Amino acid sequence: MAQHTIHVTINGTAHEATVESRLLLVHFLRDVLGLTGTHIGCDTTHCGACTVLLDGEPVKSCTVLAVQADRKQVKTVEGLAENGNLHPIQQGFWEEHGLQCGFCTPGMMMTSYALLQRNPNPSEAEIRQAISGNLCRCTGYVNIVKAVQHAAANLK
Ligand code: FES
Ligand code: FES
């Protein structure tokens, strides 16, 4: 299997690694770098638990090869909090109880982060559309939407 040396900046830290062509970004993050906040929730690219930002765009890291992140910026859930303080999105999920099992939460938060970057004042419909690629199997999304609204208000 061919090997490639890649250079990826993850949450502001530069990494160099030699990886197989077939290695998925999610496995690079979890198994090589130990960033296990990014979850794997399905085998079919539908759950969104693995969502990270690649050069600012939310992607399902189970469908991106690690080599595709070469010379790019990756942001994972571990990159949200700063100086020990929760990011307003994390605070929103905390305050509004935007989770039940919590397995989907990292992906949900990364999608919400990307949404609020491009649209700081989303309507409920826009929030629901933005997170439609992130499945939560145990809630009705009501508190998740409230969590994103809470974050939007606090980011103003
Ligand atoms: S693990 Fe990537 S979409 Fe489910
Ligand atoms: S809280 Fe999202 S799947 Fe349970």
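The values are calculated or read from the model by the stated rules, or taken from the named source; none is laboratory data. Model, not experiment: these values are computed from the prediction. Here Cβ is always computed from backbone atoms with ideal geometry, including for glycine, and neighbour counts include all displayed protein chains. SASA here: full protein model, heavy atoms, side chains in, ligands and nucleic acids out. Shrake-Rupley method; radii C 1.70, N 1.55, O 1.52, S 1.80 Å.
Candidates are the residues of the stretch 1-12 that are out of contact with any Gly (no Cβ under 9 Å at 6 or more places or on another chain) and polar (S, T, N, Q); the one that is least open to solvent (accessible area, probe 1.4 Å) is Thr9.
Counting only strands (runs of 3 or more DSSP E) that sit wholly inside the stretch 16-132, those with at least 3 residues that are within 16 Å of ligand 1 (Cβ to nearest atom) and either open to solvent by less than 20 Å² (accessible area, probe 1.4 Å) or modelled with pLDDT of 95 or more (or both) are 51-54, 57-60. When the residues of the stretch 133-156 are filtered to those that are of a type outside the set (A, V, I, L, M), buried (at least 20 other Cβ atoms within 10 Å of the Cβ) and within 16 Å of ligand 2 (Cβ to nearest atom), the one that is nearest to Gly48 (Cα to Cα) is Asn134. Reported count of residues in the stretch 100-123, each being more than 15 Å from the chain's Cα centre (by Cα) and closer than 20 Å to Arg137 by Cα, is 2.
Just to be sure, is Phe93 within 14 Å of ligand 2 (Cβ to nearest atom) and touching a helix residue (DSSP H, G or I) at 6+ places or on another chain (Cβ under 6 Å)? The answer is yes for Phe93.
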